[in-house]
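Single-structure report; data block below.
The values are calculated or read from the model by the stated rules, or taken from the named source; none is laboratory data. Model, not experiment: these values are computed from the prediction. Glycine gets a Cβ as well: all are built from the backbone with ideal geometry, and neighbour counts include every protein chain shown. With ligands, DNA and RNA removed, areas are computed over all heavy atoms of the protein, side chains included. Shrake-Rupley method; radii C 1.70, N 1.55, O 1.52, S 1.80 Å.
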Amino acid sequence: MNKSGKSFPNSFLFSVMLLAAAIGSFAAFAEPAEAGFFDRIQDIYEAPDKLEALESKYEEATDELQRQTETFLQEKTELLEKNDAMMMQNEQLAGQNEALAEQNRALLERMQILEERQERRAELTRKLAYGAGAVLGLFLLYVLSVRFWRFLAWRRQRQMGGGA
């Protein structure tokens with residue numbers, strides 16, 4: 001060192017350069033930071049705004065979920081009412097179906113009875129027609145036999161005594 005004091009600035013300058021080189025080497029080999037100090041401070045100051053935005057989104061989602069739940073419950077109630085109405089209508093239709101089936105059975109029985117009566121009437125009519133035909137045939141046979149007997153009697157009488 002000199003008495004003039006010139007070594008001090010050189011050593012100071014050397015120390016500063018050495019410190020700068022060390023900091024530079026750390027900076028060169030260090031991984032890049034994703035968020036700097038100022039970014040983090042800015043995020044801290046913007047956190048209430050982000051929190052308010054998240055809260056508003058949460059409230060909107062909660063309100064939407066509440067509306068959907070109310071809509072679902074209302075639709076569920078309506079569907080249950082419709083289901084009950086359909087069940088009642090189904091029971092009524094089943095009762096009507098039973099009544100109509102009973103009427104159908106009764107009508108079929110009546111139809112069978114009427115068909116049997118009609119067959120009996122047709123058979124009676126046939127028997128009456130055959131009977132009337134037989135009586136008419138016997139009457140005609142009687143008339144013809146009487147005529148034939150008279151003819152034979154007339155012929156005998158003519159042959160025997162020379163009648164009129």
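Report in % the part of the accessible area of the stretch 67-156 that belongs to carbon and sulfur, leaving out ligands and nucleic acids; probe 1.4 Å.
61 percent
Per residue, how much accessible surface does the stretch 47-164 expose to a 1.4 Å probe? Answer in Å², no decimals.
For the stretch 47-164, the solvent-accessible area averages 98 Å² per residue.
Pull up the cross-link candidates among the aspartates and glutamates for Lys50, meaning alpha carbon to alpha carbon under 20 Å and not fewer than 8 places away within one chain.
Excluding near neighbours in sequence, the set is Glu34, Asp39, Glu59, Glu60, Asp63.
What is the sum of charges around Leu73, taking Lys and Arg as +1, Asp and Glu as -1, for the other residues whose C-beta is under 13 Å from the C-beta of Leu73?
So the surrounding residues net to -2.
Give me the accessible area of Leu93, 1.4 Å probe, in Å² rounded to the nearest 10.
90 Å²
Compute the distance from the alpha-carbon center of the stretch 49-99 to that of the stretch 104-164, in whole Å.
86 Å
Glu91 accessible area, nearest 10 Å², 1.4 Å probe?
For Glu91, solvent-accessible area is about 130 Å².
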